[in-house]
1. Once phi is turned into θ = phi - 60°, what whole-Hz ³J(HN,Hα) does the Karplus curve with 6.51, -1.76 and 1.60 give for every residue of region 337-348, x standing for Gly and Pro?
2. Among the lysines, which fall within straight-line cross-link reach of K74, defined as a Cα-Cα distance under 20 Å, with same-chain neighbours fewer than 8 residues apart omitted?
3. Which aspartates and glutamates, if any, have their Cα less than 17 Å from the Cα of K245, not counting same-chain residues under 8 positions apart?
4. Return the sequence-ordered ³J(HN,Hα) values of region 148-161 in whole Hz as given by the Karplus equation 6.51 cos²θ - 1.76 cosθ + 1.60 applied to θ = phi - 60°, using x for Gly and Pro.
5. Where the centroid of each part is defined by its Cα atoms, how far is region 154-184 from region 379-424 in Å?
6. For region 232-425, give the magnitude of the charge dipole about the Cα centre (Cβ charges: +1 Lys/Arg, -1 Asp/Glu; no others), in debye to the nearest 20.
7. Report, in deg cm²/dmol and to the nearest 500, the calculated mean residue ellipticity at 222 nm for the chain, where each DSSP H run with n ≥ 4 adds -39500 (n - 2.57) and the sum is divided by the residue count.
8. Please give the Cα centre distance for region 228-262 versus region 64-132, rounded to the nearest Å.
Amino acid sequence: MRRLPPALLLPAVILGLSSGPIGGHAWASPTDPPSAARRPAVSATPATTARAAETRQITDAAWDGGSQWRTGRKNGVRVRKGALVLAKPTRSRRTGGTTYDVGQWTSPWTSPGFSLTELIASWQAATPRNSWIEVRVRGRVNGVRSSWDILGRWAETTRWFRRTSVSGQGDDLADVAVDTWRVPGAGAATYQVQVRLMRRAGKNTASPSVDSLHAVATRLPSGTPATSKPGKAAKAGGITLAVPKYSQMIHTGHSPQYGGGGEAWCSPTSTAMVLGYYDSLPTPASYAWVGSGHTDPWVDAAALGTYDRDYEGAGNWPFNTAYAATLTDDAFVTRLASLRAAERYLATRIPLVVSISFGRGDLDGAPISSTAGHLLVIVGFTAGGDVVVNDPASSNRRGVRRTYDRAQFEAAWLDGSGGLTYVIHDDAHPLP
């Protein structure tokens with residue numbers, strides 16, 4: 001569990017970054033068909049203000065622990081051992097034929113220091129038995145308060161409740177693209193995030209608990225940024241972490257109810273690689289359902305643990321970090337300003353899952369020719385600053401470890417997803 005000051009704001013500002021389409025796991029190659037489940041393209045900055053010379057603005061806020069939860073408003077919840085749990089519920093709701101007790105925590109109005117155009121929330125939570133959580137956001141746009149938009153309905157398992165994003169919310173001042181809150185035009189000056197805790201009605205039923213809530217707010221200009229100079233990891237002579245190598249492609253056709261493996265599983269495969277690095281893979285009992293003879297069955301378990309019913313895929317970003325957080329000490333979604341920022345994590349021996357997209361010929365040595373959205377793991381840097389990765393799109397384990405040109409990779413990452421990153425770590429690897 002992270003221990004941060006209340007609503008810690010961590011600005012990261014550099015010149016000339018990008019937005020562009022944000023992808024989940026769709027690609028094209030001479031032999032691979034396009035993905036059936038694509039994340040909608042997202043423009044993070046309005047066209048009227050998009051210039052390559054504008055600043056790239058990123059601010060993280062986190063609430064974690066009793067003193068930080070006290071900065072918000074509690075209704076029907078209390079803090080127990082640093083986590084939010086249900087107290088005396090103030091309301092109920094009926095979902096899927098079941099009545100649930102409901103409590104909620106609402107953050108104070110939070111200013112990132114600029115007018116944000118995108119926000120992604122992530123969380124660390126537990127949902128025993130028939131319980132689940134819902135995360136929402138709203139903002140103030142030109143002095144007008146928006147409605148609440150749902151960023152995810154989440155549970156650890158699918159036995160009682162099927163986790164899902166919620167589409168079709170573009171009804172007033174903002175919209176949600178799978179897991180990303182988007183504000184067109186001038187953007188939102190301030191925002192609130194809210195987490196609702198649900199348990200099957202009854203005083204003796206198990207309560208969900210929320211250990212932490214994280215929000216990354218951004219305003220990203222269009223245009224390709226200048227390539228960053230090699231940083232801490234490269235200057236130390238380079239570094240490559242011993243992250244295990246898993247291929248998503250060897251799972252082609254697996255578990256069609258969870259996306260069918262292959263090209264659709266880059267995100268859970270990448271998440272599983274990082275969990276394997278920390279020796280935090282799920283127990284064999286949790287993937288016994290996969291059956292014998294399957295290579296790396298924990299990847300199938302990760303797909304089950306991250307699958308989004310509405311999106312119909314395992315590429316929901318905060319669902320991946322929420323799954324990882326159930327197995328290690330902390331995980332959250334953020335955006336980083338450059339590869340120099342990524343090097344600071346690698347120098348403390350924390351690998352990073354990142355989202356990239358690129359056109360044909362734009363990333364030399366990649367196992368796929370182009371992609372509208374693909375996730376992989378940064379596992380190191382060479383002394384010259386090039387990027388060492390575990391790319392799960394390889395057809396087998398032997399080809400997973402690759403080295404990509406720094407300029408090409410940084411453009412694919414920052415242009416493709418605005419520097420989208422999963423940070424997954426344990427207590428033995430504190431944040432830089």
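1. 7, 5, 5, 4, 5, 4, 4, 5, 5, 5, 5, 9
2. Reachable lysines: K88, K203.
3. E263, D279, D296, D300, D391
4. 6, 10, 8, 9, x, 10, 10, 9, 5, 10, 10, 5, 10, 9
5. 28
6. That gives a dipole near 540 debye.
7. About -4000 deg cm²/dmol.
8. Answer, in whole Å: 32.
The numbers here are math on the coordinates, done by the rules we state, and not lab data. As the structure is a computational prediction, the values presented were derived from the model and not from experiment. Please note: Cβ atoms are built from the backbone with ideal geometry, for glycine as well, and neighbour counts cover all protein chains shown.
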